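The values are calculated or read from the model by the stated rules, or taken from the named source; none is laboratory data. Just so it is clear, the structure is predicted and the values come from calculations on it, not from any experiment. Heads up, the Cβs are rebuilt from the backbone with ideal geometry, glycines too, and the neighbour counts pull from every protein chain shown.
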Amino acid sequence: MLLQIGRNKGADARPPDALDELAACHARIRSFTQLAARLADGSDASPQALAEAAASVARYYAVALPKHAEDEDRSLAPALRSATLPDDVLAAIDVMRVEHDELDAIVAAAMPAWNALASDPSSWPDHAGLLRECARTLGLFWDRHLGLEERVIFPAARKLLDTTALEKLGREMRARRQPTVGIAQTTRGG
C-alpha cells in the first residue's frame with residue numbers, strides 16, 4: 001500500500017490557485033520566523049552559519065514579505081470588499097492592514113541586527129538580546145496575525161471569490177514578483 005503525502009491529486013482535486021499561494025507564503029513566513037528564532041539562539045553556531053542565516057532572514061523580510069503584504073492589502077482585501085461581507089470578515093481585513101503596519105516597525109527594529117550579523121558574525125554577542133526580543137515578538141505577532149487570516153479571511157475568500165476573481169488575484173501576485181527592468185524613456189517633441 002502506498003502512502004500519499006501532500007495534496008489530493010485525484011479527479012476531485014482542483015489546481016492550486018492564488019489562495020493556495022497565499023497559504024504557501026504563510027508556510028514560508030513561519031519557516032523564516034523559525035530561522036530568526038534559531039539565529040537568536042545561535043551562540044554555538046559557526047560564524048558562516050550565523051552569517052548565512054542572518055542574510056537569509058534579512059533578505060526574506062526585506063524583499064519577499066513586503067510583496068506578500070501587498071498581495072493581501074492591494075489585491076485580496078479589495079477583492080473581498082467588492083463582495084457582501086459579514087462584519088467579522090470586514091473587521092479582520094481592517095485588523096490585517098493595521099497589523100501589516102505594526103509588522104513594519106518590528107522588522108525595522110530587527111533589520112540592523114540581522115544585517116550586522118550577516119556582515120560580521122562575530123558581533124552576535126552585541127546583538128543577541130535584540131535578536132531574541134525580535135524573534136519572540138515576531139513569533140507572537142505571526143501566531144496572532146496568520147491565525148486570523150487563516151481562520152477568517154482565507155475561508156471567506158474561498159467561499160466568496162469566484163474563479164475569475166481568484167485568477168485576477170493570482171495575476172496581480174505574479175506581477176509583483178516579476179523582475180523590474182529599467183527602461184530609458186524618451187519623449188519626442190511634436
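Below is a table of values for the structure above.
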read-out: Test set (1) more than 24 Å from THR33 (Cβ to Cβ); (2) among the hydroxyl-bearing types (Ser, Thr, Tyr); (3) touching a helix residue (DSSP H, G or I) at 6+ places or on another chain (Cβ under 9 Å) - THR163 fails condition number; value: (3)
read-out: Matching residues, segment 69-104, being small (Gly, Ala, Ser) and at pLDDT 95 or above; value: ALA69, SER75, ALA77, ALA79, ALA91, ALA92
read-out: Residues of segment 46-90 satisfying the condition of being loosely packed, with under 13 Cβ neighbours inside 10 Å and of a type in the set (Gly, Ala, Ser); value: SER46, SER82
read-out: Members of segment 120-135 found to be loosely packed, with under 13 Cβ neighbours inside 10 Å and farther than 17 Å from ASP44 by Cα, listed by number; value: none
read-out: Residue in segment 55-70 that is in contact (Cβ under 8 Å) with a residue 40 or more places away in the chain, within 19 Å of ARG38 (Cα to Cα) and not aliphatic (A, V, I, L, M) present; value: yes
read-out: Residues within segment 95-125 that are among the polar types (S, T, N, Q) and within 20 Å of VAL63 (Cβ to Cβ), tallied; value: 2
read-out: Residue that is of a type outside the set (Phe, Trp, Tyr) and either at pLDDT 95 or above or within 14 Å of the chain's Cα centre (by Cα) (or both), where the choices are ALA40, ALA18, ALA11; value: ALA18
read-out: Selected residue (only one of ARG171, ARG144, ARG151, ARG177 is modelled with pLDDT under 95 and over 19 Å from THR84 (Cβ atoms)); value: ARG177
